[in-house]
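In what follows, a single structure is set out as structure tokens and then discussed.
None of the figures in this text is laboratory data; all of them are computed from the coordinates on show. Keep in mind it's a predicted model, so treat the numbers as computed, not measured. Every residue, glycine as well, gets a Cβ built from its backbone with ideal geometry; the counts of neighbours run over all protein chains shown.
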Amino acid sequence: MSDKAETILQAAMMLFAEKGFSATTTRELAQRAEVNEVTLFRHFRSKTELYHQILEEIRRLYPPLLAADEVAGTDPEILIHDFCLATLRRMNEAPHLLRLMLYAMLEEVDEIREALIEKRLDIYVASLAGAFARLQESGKCQADANPEELARLLMSQVFGLGIMKFSGHAVFDRIDEERLAIQVSRQFLTGPAGEPVIGKRPATATPRANDPGSGAKANQRTRKENQP
């Protein structure tokens, strides 16, 4: 790729992150790259071709956080923690990538959404679900939920934290990514205080049969309910 094409590509990546694919015009792309539209089309035949080239650049610069062939030999607890940490770090280091993802979710261009979002999410869900299944089998994860549901919940929380940080509020600038990754991954295994919380129903207290006070309290409630 020529230096001019690279300049156009980088400028377009930032502009698409700011406005999305549909709302960005080729004139704006040319202005941002400081070229004329003729030069733009000499390197990229259309806006769609330019966008696809950006997707290829994203794949090169930001490989998937989980690879299917690496999951089987990795400790599932480490895998879940590392996924949380890597996701938080990537969203912090490349906020424009997060914007591109958000716009891709909303765009009506199916092939763009599929290439940027859906294929990677399918890999992440399958890998994390496999990790949760292994942890449930070993008794380390006591959450009474389908492993795939746990995977989607985990991803939603991690991506949600990234989006909130992206909102620009100062409180999220002080987040310790390592500590946060530990907390998030822990709560999906044993809960923040070491007690299983996900899918765990609280016990319901029932009166004991030999408790003389239980019957009296029940009779008092009945009398009150029957009063006019």
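Brief remarks follow.
- Projected area averaged over orientations for the range 1-48, convex hull of C-alpha atoms, nm²: 2.9
- Column: log10 I(q)/I(0), Debye, Cα scatterers of the range 18-98, q = 0.15 Å⁻¹: -0.70
- The phi torsions of the range 126-132, fed into the Karplus equation with coefficients 6.51, -1.76 and 1.60 and a -60° offset, translate into couplings of 4, 5, 5, 4, x, 5, 5 Hz, rounded to whole numbers, with Gly and Pro shown as x.
- Simple spin-label estimate for ARG179 and GLU18 in nanometres, 7 Å along Cα-Cβ: 3.5
- Phi to ³J(HN,Hα) by Karplus 6.51 cos²θ - 1.76 cosθ + 1.60 over the range 9-24, Hz, x for Gly, Pro: 4, 5, 5, 5, 4, 5, 5, 4, 5, 7, 10, x, 5, 5, 7, 8
- Taking amide hydrogens as placed 1.01 Å from N in the peptide plane, the amide H of GLN142 sits under 5 Å from that of no residue at least 5 positions away in sequence or on another chain.
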